[in-house]
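Right, one structure below, let's go through it.
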Amino acid sequence: MHTVLGANGPIGEELTRELYRTFTHDIRLVSRNPVKIHDTDQLVKADLTDPEATDRAVKGSEVAYLTVGLPMDSELWERQFPAMMRNVIDACAKYGTKLVFFDNTYMYPGTATPQTESTGFEPNGRKGRVRAQIATMLLDAMNAGSIDALICRAPEFYGPGKTKSLTNSLVFDRIKAGKRPLVPVSAKTVRSLIWTPDAGRAMALLGNTPDAYGQTWHLPVDPHRLTYAELIEVAGQVTGRRIKYTVLPLAVFKLGGRFVKPLGEVQELLPRYRGDNIFDSTKFTTRFPDFPVTSYREGVSRILG
């Protein structure tokens, strides 16, 4: 039994499709309101902040994949993410279940220095501190030998379907709607974006690779990184029209954050848009040289085509 905890978000769904396609049809989907993707999927309703519910969700699982996402709300993250991680670690340790944790880069410093699996945690805001806390909880459990686990880490998403990110909402969703895209902070710095189907496929592969456990892995991104200006130029080529864009400077987010909570919540992430964002996935592509990584041009074409 392979169990997806947080099953109906964009990563959980892509992961589930790849598990079914390549590895197993014995899949359990867990969330507050799980929805089947395949006829054979087993559904379990559970609140992972509840230890007993988490225990029931994990019981009988060979591998559990933790892919839970929460709305951009610092207070909610501080209240729920550490409780979820503690409950999942305890349940996996109890039943001898392997754990694959889908993580992000919020705990990394927002600088132009390339990010590798050995990059130290230097969070500059509340959400980054929470992500550093829960990643450290898991690393401590792994180092203590109480759990067999691995960490999959990904940069900002872009992609089809349910994919949510600043880039999707401000750039690609607006282009699809015939609106002028809005670029956060700078159009001239290079971005590291991960195609959500690639993230799900890579996570499934790692979870089914015995020697991948006990490590942190950066999930694969196209190494030929583009700036927002270049991404929008590609979008223009795909759509056959000239697309103009507006850059939103830091001051707009700071001012707007006083009145609109979501704008305030993204402020701690903005330093990474001011300079180049270099997420290095060389470790993964070296270990899995035949894994097909979606190019930015192909990804943009699939979103807008």
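The values are calculated or read from the model by the stated rules, or taken from the named source; none is laboratory data. This structure is a prediction, so every number in the text was calculated from the model and none was measured. Neighbour counts run over all protein chains shown; Cβ positions are idealised from the backbone, glycine included.
Scanning the stretch 54-108 for residues that are of a type in the set (Asp, Glu) and over 21 Å from Phe23 (Cα atoms), which turns out surrounded by the most Cβ atoms within 10 Å (Cβ to Cβ)?
Asp103
Tell me yes or no: at least one residue of the stretch 238-252 is without any contact (Cβ under 8 Å) to a residue 60 or more places away in the chain, among the basic types (Lys, Arg) and out of contact with any strand residue (DSSP E or B) (no Cβ under 9 Å at 6 or more places or on another chain).
Taking every residue of the stretch 238-252 in turn, at least one turns out to be without any contact (Cβ under 8 Å) to a residue 60 or more places away in the chain, among the basic types (Lys, Arg) and out of contact with any strand residue (DSSP E or B) (no Cβ under 9 Å at 6 or more places or on another chain).
Within the stretch 130-150, restricting attention to residues that are assigned to a helix (DSSP H, G or I) and charged (D, E, K, R), which residue is nearest to Val300 (Cα to Cα)?
Per the stated criteria, the residue is Arg131.
Has the stretch 202-215 got at least one residue that is acidic (Asp, Glu), closer than 24 Å to Cys152 by Cβ and free of Cβ contacts under 8 Å to residues at least 40 places away in the same chain?
Yes, the stretch 202-215 contains at least one residue that is acidic (Asp, Glu), closer than 24 Å to Cys152 by Cβ and free of Cβ contacts under 8 Å to residues at least 40 places away in the same chain.
Tell me, which helices (runs of 4 or more DSSP H) lie completely within the stretch 232-305 with 1 or more residues that are more than 23 Å from Asp173 (Cα to Cα), modelled with pLDDT of 85 or more and of a type in the set (Phe, Trp, Tyr)?
Numbers: elements: 250-257, 261-265, 271-274, 282-287, 296-304.
The helices (runs of 4 or more DSSP H) meeting that bar are 282-287.
Looking at the structure I just gave you, is Arg225 touching a Lys or Arg at 6+ places or on another chain (Cβ under 7 Å), basic (Lys, Arg) and surrounded by fewer than 20 Cβ atoms within 10 Å (Cβ to Cβ)?
Considered against the rule, which asks whether it is touching a Lys or Arg at 6+ places or on another chain (Cβ under 7 Å), basic (Lys, Arg) and surrounded by fewer than 20 Cβ atoms within 10 Å (Cβ to Cβ), Arg225 comes out as yes.
What are the residues in the stretch 151-204 that are in a strand (DSSP E or B), closer than 16 Å to Tyr106 by Cβ and among the aliphatic types (A, V, I, L, M), if any?
The answer is Ile151, Leu193, Ile194.
Considering only the stretch 85-133, state which residues are among the hydroxyl-bearing types (Ser, Thr, Tyr), closer than 16 Å to Cys152 by Cα and in contact with a strand residue (DSSP E or B) (Cβ under 9 Å, 6 or more places away or on another chain). Step through it out loud before you land on a result.
The first filter runs over the stretch 85-133 and keeps only residues among the hydroxyl-bearing types (Ser, Thr, Tyr), leaving 95, 97, 105-106, 108, 111, 113, 116, 118-119.
Among the residues that remain, those that are also closer than 16 Å to Cys152 by Cα are: 105-106, 108, 116, 118-119.
Once the filter is applied, which keeps residues that are among the hydroxyl-bearing types (Ser, Thr, Tyr), closer than 16 Å to Cys152 by Cα and in contact with a strand residue (DSSP E or B) (Cβ under 9 Å, 6 or more places away or on another chain), the stretch 85-133 yields Thr105, Tyr108, Thr116, Ser118.
Only one of these is assigned to a loop (DSSP other than H, G, I, E, B), surrounded by fewer than 15 Cβ atoms within 10 Å (Cβ to Cβ) and of a type in the set (S, T, N, Q): Asn8, Asn33. Name it.
Checking each option against the conditions leaves just Asn33.
Counting only residues that are in contact with a helix residue (DSSP H, G or I) (Cβ under 7 Å, 6 or more places away or on another chain), under 22 Å from Leu182 (Cβ atoms) and not hydroxyl-bearing (Ser, Thr, Tyr), how many does the stretch 261-304 have?
11
Give the stretch 69-103 a look and list any residue that's assigned to a helix (DSSP H, G or I) and among the hydroxyl-bearing types (Ser, Thr, Tyr), or say none.
Correct list: Ser74, Tyr95.
Applying the selection to the stretch 48-68, what residues are touching a strand residue (DSSP E or B) at 6+ places or on another chain (Cβ under 9 Å), part of a helix (DSSP H, G or I) and of a type outside the set (Ser, Thr, Tyr)?
Hits for the stretch 48-68 are Ala53, Arg56, Ala57, Val58.
Looking at (1) in contact with a strand residue (DSSP E or B) (Cβ under 8 Å, 6 or more places away or on another chain); (2) in contact (Cβ under 8 Å) with a residue 24 or more places away in the chain, which is the one condition that is false for Gln80?
Of the numbered conditions (1) in contact with a strand residue (DSSP E or B) (Cβ under 8 Å, 6 or more places away or on another chain); (2) in contact (Cβ under 8 Å) with a residue 24 or more places away in the chain, the odd one out for Gln80 is (1).
Specify the residue that is surrounded by the most Cβ atoms within 10 Å (Cβ to Cβ); the eligible residues are those in the stretch 109-130 that are among the basic types (Lys, Arg) and touching a Ser or Thr at 6+ places or on another chain (Cβ under 8 Å).
Here the answer is Lys127.
Out of the stretch 21-66, which residues are within 14 Å of Asn87 (Cα to Cα) and among the small types (Gly, Ala, Ser)?
Ala46, Ala53, Ala57, Ala64
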